[in-house]
Amino acid sequence: MATAYGTNCTYGALSTTAPGSSAGTEVSGGSPAYARIATAWGAASASAITSTALTFNVPASTSVVGYEHYTAETAGTYLDGVSITSQTFSSQGTYAITPTYTQS
C-alpha cells in the first residue's frame, strides 16, 4: 500500500488553510513564485515510504498550515493532506518538508 501511495501522490503542495477530506487553500504568488514540487519517493520499508526533502518558495504575508498531495503540477486531483507546524512569513522565504507516509 505504501508503494501505491507514492506512485499516485506525485506532487507536493502547501496550503494556507488546513486540508482534510478536501484540499485547503493552496499557496500562490511570490517572487520567486510558489509552485508544486514533484515528489521522489524512496522504496517502501515496514509499511512506510519517504520522499526526498521538498523546499517551497513562499510569498511574504503568508501563513503555511498544511501540506497536500496532488496528481499533477497544476490542476490535477487532490489526494491527501495533513496539518503541519504553522509558519508565518513576513517576507519572501522557503518552507522545507520531508513527506513520509505510513500505512497503518
- Task: Can you tell me the relative contact order of the chain? Whole percent, Cα pairs under 8 Å, sequence separation 6 or more.
- Result: 34
- Message: Between region 22-37 and region 1-19, what is the separation of their alpha carbon centroids in Å?
- Response: 14
- Distance in Å, no decimals, from the C-alpha centre of region 40-54 to the one of region 71-104 is 15
- Task: Taking Cα extents along the principal axes in Å as the quantity of interest, determine which of (1) 33, 29, 24; (2) 40, 24, 23; (3) 37, 26, 22 was computed from the displayed structure.
- Result: (2)
- Which FRET efficiency, nearest 0.05, do GLN87 and SER45 yield, Cβ-Cβ r, R0 30 Å? 0.55
- Item | Gaussian network model of the chain, springs between alpha carbon atoms under 10 Å - residue of SER28, SER91, SER63 with greatest fluctuation | SER91
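FYI, it's all coordinate maths here, none of it is from the lab. These figures come from a predicted structure and were not determined experimentally. Don't worry about glycine lacking a Cβ; one is built from the backbone with ideal geometry, like all the others, and counts go over all protein chains shown.
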